[in-house]
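The values are calculated or read from the model by the stated rules, or taken from the named source; none is laboratory data. Not measured: the values here are computed from a predicted model. For neighbour counting, all protein chains shown are included, and Cβ atoms are generated from backbone atoms with ideal geometry for every residue, glycine included. Surface accessibility is based on the protein's heavy atoms, side chains included, excluding ligands, DNA and RNA. Shrake-Rupley method; radii C 1.70, N 1.55, O 1.52, S 1.80 Å.
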Amino acid sequence: MLNDQNKKAIQAAYSQFLSGRELKARYGQKLMVAAIARTLGGIARAAGGERDCDKTDGEHICVVEAGTGTGKTVAYLLAAIPLAQAQDKKLVVSTATVALQEQIIHKDLPELMRHSGLQFEFALAKGRGRYLCLSKLDQLLSEFSAGGAGVSLALYEDEKPQVGEDGVKLYRAMADKLATGGWDGDRDNWPDTLEAEDWSRVTTDHRQCSGRRCPHVSNCSFFRARESLGKTQVIVANHDLLLADLALGGGAILPPPEETIYVLDEAHHLPDKALNHFSHHSRVGATTGWLDQANKNLGQLLGEIGDGGEIDRCGEQLPAVLSSAKLTLEQLWPLIEDICEFEDQRGGTSSSQGRGARHRFAGGVVPEVLMELAEKLREDFDELESLLDKMLQSAQRLLEDPHSPVPAVDLERWYPILGSWYGRAEANLQLWANYSRADAEGALPQARWVTLVDWGGSTDFEVCSSPILAGKTLEYSLWRRCFGAVLTSATLTALGRFDRLKMRAGTPDNASYQVVPSPFDFSRAELRVPAAAVDAGSADAHTNAVIDALPELLQDSGGALVLFSSRRQMETVYEALPGTWRNRILVQGQRSRQQLLEIHRETVDGGGSSVLFGLASFAEGLDLPGDYCRQVVIAKLPFAVPDDPIEAALAEWIEARGGNPFMQITVPDAALKLVQACGRLLRTESDSGTVILLDRRIVTRRYGRAILDSLPPFTRRIE
């Protein structure tokens, strides 16, 4: 139970914050503060200070849906920081977007410190991939000086071109700015946009990093940032970093879950991101090429870092294992061509020349002949991973040994290459182990599929597997382990219930679930289904109806947003409109998102009319208050295109259990997306406008009525 001391501390901080900012308390915000405080303040502790799992089986988790304008960030920070301090726990705030991370670090937390009276230290946490690797930069610059730019890279980066003159200038500029203190090695602080290809050459991951054994560790940007986290009470991270930490067992980058209270903002993104982290994939052709290249360069590796011991012994065994894995992959290629019938994005069959086409194994069940080959690959990559692991450990010991028989410069050069090989072997081991065994009876099936992809101008097969739901993984790696957790977002319910979140994120039934009211007056906005709206089930008729309706609907000056579910329809509608209309329209993809929004705002500020045409990514996170968006036109109900192999496997599993995937997955997902799209209209308490839905199914179908009733209480006009 929340004790009086903690309650008074939170109330005092809240009152002082409101007074300092000259704000009035919002009802929904007060409810959110109270809900979080009750949950986190009521966590029972065992003798050692850890959560008493016997007394808090799910009650340590608080789920709050709070709409735009509630002041979610202030609410969870004011409630969670004092309670984390009282419980002597770290607070990790995790978001889904960089924009929100930066807002919390640069605006919300400093304001809270200034006005609430709370005292705490805070920092931004990022993964290794956001920081420069000094060792890699040093090697690159040495190669440039020797006139052999990119030589060593070819040993292991088989999919990247050589470094050009512009790249050489970039890396020398990086070294100069580091030396003069003009840059701290953080990718996000580099003054210009860095291409992924350029950055990837000078960053690293946990497999390639030699850690404290690296001679550059004292100046390493990543380790400097990581050391500061140990002294920090409030850490701002993102979902990807949190999930990467959990995949490493927890506590590898962020504090251990048992010592942490998590606040997961934009929590509706967590399940999909978790699926990405716990899926496996490997390209057949690219992996075959890598194995061949590794075998060719093994002699050079052993010649430079051979130690007369473990590295040499393991190295002598590698050629046979590399050749065996390569031979098995070469047998896999014709087998995939034989057993897979690829379908394109529209559901039709496709030849092996159709890029992006997929073959999904129904029920996650792969043919026995493929399972047998996968078992052989599992054995090969298991042995390969084991040998490379031993070589890495030996290299680590040699790096620490002041009397090492191997020159440190050679070890430093080859260590990340060995680490890269180990990482690829490990990824293949996980994939082929997944393909070599059937799913346990009664367990959630895996989604398994093969995709045709481009590789160097030719075709490659990407073999993939993924859990169909992230719930169980999150339950065991996060919910059961953490001291406490808060999940919040403007869209956590679907059709007015939390069932979708529980299924996809695995949050326990006995967690605290609450929806707090928005401060917005939704009667200031109108939801209109015009007479011109037709059933979007007939694609061509619907597209023609949208073309005919838009000029009349968008007569007003100011800003408008038109959202489409498919790029094809968006482009067809745009091309069919009169030229005078096209001059007012900004289409997603024509320019960068930022450029489109800048042009849109400038036009509206000048008294003109500007219309944004966008897809799903414009239906969430777009902030266009006031005149920038007086109308939101939604072309049709945002049902997902049925081309995702994970969603297809999930639907198949639900149907096999006697369920209705359309009503259990498709409709709730569409309802949530529609709420997000409608949320683009009202961004401040003074906003007003109209949401126009050009899909008659919202009023003619039974599911349409359920979706309609889940929307905010706009004034309705059904024509």
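Brief remarks follow.
- Antiparallel content of DSSP bridges confined to the chain, in %, to 5: 30
- Potential extension, residue 114-residue 333 segment - 0.36 nm per residue separation minus Cα distance: 72.6 nm
- Modelled label reach - residue 601, point 7 Å along Cα→Cβ, the stretch 91-115 residues with backbone N closer than 13 Å: none
- The stretch 629-660 versus the stretch 392-447: alpha-carbon centroid distance in Å: 38
- Of 7/472; 90/502; 169/296; 55/89, those spanning more than 28 Å from alpha-carbon to alpha-carbon: 7/472; 169/296
- Ratio of Rg to Rh over the stretch 214-265 (Cα coordinates, Kirkwood Rh, two decimals): 0.99
- All Cα pairs of the chain, percent lying beyond 38 Å: 47
- Dimensionless Rg ratio for the stretch 423-489, taking C-alpha atoms and the 2.2 N^0.38 Å reference: 1.52
- Counted residue by residue at 0.36 nm each, then reduced by the alpha carbon distance between them, the extension gain from residue 316 to residue 454 reaches 46.2 nm.
- Within the same chain, aspartates and glutamates fewer than 8 places from residue 231 are excluded, and of the rest, those with a Cα less than 15 Å from its Cα are 88, 121, 259.
- Accessible surface of the chain, 1.4 Å probe, proportion on carbon and sulfur as whole %: 48
- Point-to-point label distance, residue 706-residue 686, nm (Cα→Cβ direction, 7 Å offset): 4.1
- Fully extending the segment from residue 54 to residue 231 would add 60.7 nm, taking 0.36 nm per residue of separation and subtracting the current Cα-Cα distance.
- Measuring between their Cα centroids, the stretch 61-80 and the stretch 685-719 lie 27 Å from each other.
- Loop sites in the stretch 625-666: trypsin sites (Lys or Arg not before Pro), DSSP, at most 16 other Cβ within 10 Å: 657
- Rounded to the nearest 500, the 222 nm mean residue ellipticity of the chain from helices alone is -14500 deg cm²/dmol, with -39,500 (n - 2.57) taken per DSSP H run of at least 4 residues.
- Scaled against the 2.2 N^0.38 Å expected of a compact globular protein of N residues, the Cα radius of gyration of the stretch 543-701 reads 1.13.
- Only alpha carbons enter this Debye calculation for the stretch 268-392, each as an equal point scatterer, and the log10 of I(q)/I(0) it gives at q = 0.15, 0.18 Å⁻¹ is -0.87, -1.06.
- Whole-Å distance, taken between Cα centres, linking the stretch 10-50 and the stretch 518-592: 43
- Probing with 1.4 Å while keeping every protein chain in the model, the per residue accessible area of the chain equals 43 Å².
- Placing dummy labels 7 Å off each Cα toward the beta-carbon, the span from residue 375 to residue 716 is 5.9 nm.
- For the chain, the longest principal axis of the alpha carbon atoms and the long axis of helix 134-145 meet at an angle near 60°.
- Accessible-area value, residue 584, 1.4 Å probe, nucleic acids and ligands omitted, Å²: 60
- GluC sites (Glu not before Pro) lying in DSSP loop within the stretch 1-80, provided at most 14 other Cβ fall within 10 Å: 22, 50
- For residue 358, the accessible surface of its heavy atoms amounts to roughly 70 Å² (probe 1.4 Å, protein chains only, rounded to the nearest 10).
- Within the stretch 163-251, trypsin sites (Lys or Arg not before Pro) in DSSP loop having at most 14 other beta-carbon neighbours inside 10 Å: 231
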